[in-house]
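Visitor: Here it is, the structure in full.
The numbers here are math on the coordinates, done by the rules we state, and not lab data. Values in this document were obtained by computation on a predicted structure and should not be read as measured data. Reconstructed Cβ throughout: ideal geometry from the backbone, glycine too, with neighbour counts over all protein chains shown.
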Amino acid sequence: VTRLFDNGGTVFFAIFMAIWATVFLEFWKRRRAELTYDWDLIDWEEEEEELRPQFEAKYSRVERVNPISGKPEPFQPFSDKLSRLMVSVSGIFFMISLVLTAVFAVVVFRLIAMEKFASFNWDFIQKNWQFATSGTGVCINFMIIMSLNVVYEKVAYLLTNLEHPRTESEWENSFALKMFLFQFVNLNSSTFYIAFFLGRFAGRPGSYNKLFNRWRLEECHPSGCLIDLCLQMGVIMFFKQIWNNFMELGYPLLQNWWSRRKMKKGGSGGQNVENKTQLPQWDKDWNLQPMNAHGLVDEYLEMVLQFGFTTIFVAAFPLAPLLALLNNIIEIRLDAYKFVTQWRRPMPARATDIGIWHGILEGIGVLAVITNAFVIAITSDYIPRFVYAFKYGPCVDKGPHHADECLQGYMNSSLSVFDMWELKNSSQFRYCRYRDYRAPPWSLAPYEFTLQFWHVLAARLAFIIVFEHLVFGIKSFIAYLIPDIPKDLCDRMRREKYLMQEMMYEAELEHLQKERKKNGRRYHHEWP
C-alpha cells in the first residue's frame, strides 16, 4: 500500500500541486480584478469605511484630524495599541502552547496504547498493534481537535475585542488571523509530529529511549512512517468535512425546526398558530436563523484549511485533492440551500478583496513547498532507494537498467543486525533485524552509523535544497508570466479614464466659452 504513493511519481505530483497552487492564486487575482471592476470598487478606499461603534465609544475623548478626510475623529494612542497587541499576542502563544500540550498528551496515550495492544489477548490486535495504536490515536486526536476549536473561537473573539480595531474590516482581519493560527496549529500539529518526529528518537535494540524511564518511544510501521501519516490525514480530513457539513446545514435545520415547533405551541408570542402557512412571509423570514456574528469568516476558514490539507502534505496523502473536490461539489449546493432557506438575508458590505485570506493562502503555498520537500526527503523511502540504486545496488557501473532490477537487495541493505544474546535472552534466534543503517555487532565499531547512513543523509539534504529552489523558481516564473489584471480589463479601464478626461476637457471648454461670450471675447479652442 505504501508503494502506491511512495514512488518516483510522488516528486512530480508534489511539484505539480505547488505549481497548481500558484496558478490558482494568480487566476484568483485576475478574477478579483474583474469582480472589483464590475461592482465599481476600483477607486473605493478603506478610509471611506465607518468606524466601529466600540472604537468610537472607547476613544471618544482622544481625537485627531484624519489626514485623508481632514475631519476630527477618535484616535487610539500608540502606547495603548501596543500594550493591547502584546496581551493579544501573549494569549495567542498561550493557546498554541495548549495545542502542543494536547499533542503531547496524545503521544503519551499512543505509548501506553502501544504497550497494551502489543500484549493484547486477541491475536488479530496483537499482530496489528501498530495499526490499532495509530487508529485509536487518530480518533482521540480528532475529538480533541473538535473540542478545542470551540474554545479557540471564544478566545479569538475576546482577544480581538480587546485590541479594539478601528474599522469592521480590521476587526475581521484580526479575528480571521487568530482563528486561522489556532485551527491550523490545532489540525496540523499532530500531523507534523508524525511526519517529522515519530520514530526519529526511538533508539535501537538494546538501547531504546524511554519517556519518563517508563514507556518506550513509538516507532513507525516497518513499511515506513508514510503510512501512519496517510492514515492521520485521511481520518482527520474525512471526518472534519462530514462534521463541517453537518454544522453548516444540519444544525440550522434543527434550530429552525425547533423554532417552528415553539411557534405552533404559542411559545414565541402567545398566539396559537395551527399552520405555518398562515404566517406572512416576513414572519417566516424572521424566524429563520440569523447569519453568525463573524460573517463569512467561517466559510473562508473552512476553505483555507482545506487548501492547506490539499497542498501541505499532498506527497503523503495524494487523495486529498480528490476528497476536497468531492466535498466542494456538495458544499456549493449545501451553502446555496442554507443561504436561501435556512438563514436570514445577510447584510451586504463593500470589499475590494478577500482581505487577509489572500496573504494566508500565499503563505500556505510557500509552506507547502517546504513541507513536501521534507516529507519526500525524510519521511518517505524515496531517497534511500535512490541512493541504494545508484551507489550500492546491482546496477552500479552497469549502465541504465530497469528500476526494479536496481533495487534488488534493497530491503536487506536497509536492515541492520542486532545480537539478541547481548540481552541475555534465551531465544532460539541469535540475531534479529531492524530498520537502520548501523554496523553489525561483530564489526570494530558495533552499532555505529555506517557510511551508507551518511550518504543517505547527504542526499536528503541535497534533495531538499534542489527541490525547494526548483519549485520556488518555477512558481516565481509562473507568477511573473500571469498578469494580475486581464488585458481586456486593462484596456477597458484605460478607455474609461480617457473618456473621463475627454468629458472633463469638454466641460471645461464649454464653461470657458460661455464665460468669454459673456465678456465679449472669442475663444479659439486653446487651453487657458
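Visitor: Would you mind calculating the relative contact order of the chain from Cα pairs under 8 angstrom and at least 6 residues apart, reporting the percent as a whole number?
Guide: Across the chain, relative contact order equals 18 percent.
Visitor: While we're on this one: Could you let me know the centre-to-centre spacing of segment 415-478 and segment 152-226, using Cα atoms, in angstrom?
Guide: Here the two parts' Cα centres lie 27 Å apart.
Visitor: Send over the semi-axes of segment 65-110's equivalent ellipsoid, whole angstrom and largest first, taken as the square roots of 5 times the C-alpha gyration tensor eigenvalues.
Guide: 43, 10, 5
Visitor: Give me the distance in nm between label points sitting 7 Å out from Cα along the Cα-to-Cβ direction at Asn519 and Val340, one decimal.
Guide: Going from the Asn519 label point to the Val340 one covers 6.4 nm.
Visitor: For a quick protection proxy, order the peptides 354-364, 432-442 by their average other-Cβ count within 10 Å, most packed first.
Guide: Top of the packing list down: 354-364, 432-442.
Visitor: What does the highest-first list of 373-379, 217-223, 389-395 look like by mean Cβ count within 10 Å?
Guide: Details: 373-379: 22.1, 217-223: 17.7, 389-395: 16.0.
Result, highest mean first: 373-379, 217-223, 389-395.
Visitor: Which loop chymotrypsin sites (Phe, Trp or Tyr not before Pro) in segment 447-510, with loop taken from DSSP, have no more than 16 other Cβ atoms within 10 angstrom of their Cβ?
Guide: Numbers: sites: Tyr447, Phe449, Phe453, Trp454, Phe463, Phe467, Phe472, Phe477, Tyr480, Tyr498, Tyr505; in loops: Tyr447.
Here no chymotrypsin sites (Phe, Trp or Tyr not before Pro) fit, given the DSSP loop and packing criteria.
Visitor: What does the helix-only formula give at 222 nm for the chain: each DSSP H stretch with n ≥ 4 adding -39500 (n - 2.57), the total divided by the residues, and the result rounded to the nearest 500 deg cm²/dmol?
Guide: So the calculated ellipticity at 222 nm is -20500 deg cm²/dmol.
Visitor: Name the cysteines of the chain that stand alone by the Cβ rule: no other cysteine Cβ under 4.7 angstrom.
Guide: Taking the Cβ cut-off of 4.7 Å, the unpaired cysteines of the chain are Cys139, Cys230, Cys432, Cys490.
Visitor: Go through 153-166, 332-345 and give me the packing order, highest mean Cβ count within 10 Å leading.
Guide: 153-166, 332-345
Visitor: May I pose another question? Using every Cα-Cα pair within segment 91-167, state what percent have a distance larger than 19 Å.
Guide: Tail of the P(r) past 19 Å holds 52 percent of the pairs.
Visitor: Also, I was wondering about something else. Under a cut-off of 26 Å between alpha-carbon atoms, report the lysines in cross-link reach of Lys154, not counting same-chain residues fewer than 8 places apart.
Guide: Leaving aside lysines fewer than 8 places away in the same chain, those within reach of Lys154 are Lys58, Lys81, Lys178, Lys240, Lys338.
Visitor: Show which lysines lie in cross-link reach of Lys487 when reach means a straight Cα distance below 26 angstrom and same-chain residues fewer than eight apart are skipped.
Guide: Answer for Lys487, where 26 Å is the Cα cut-off: Lys29, Lys475, Lys497, listed by chain and number.
Visitor: For segment 13-29 and segment 118-140, compute the distance between their C-alpha centroids and round to whole Å.
Guide: Taking the Cα centre of each part, segment 13-29 and segment 118-140 sit 39 Å apart.
Visitor: I'd like the trypsin sites (Lys or Arg not before Pro) in segment 171-251 restricted to DSSP loop residues with at most 15 other Cβ atoms within 10 Å, sorted by number.
Guide: Filter output for segment 171-251: Arg200, Arg214.
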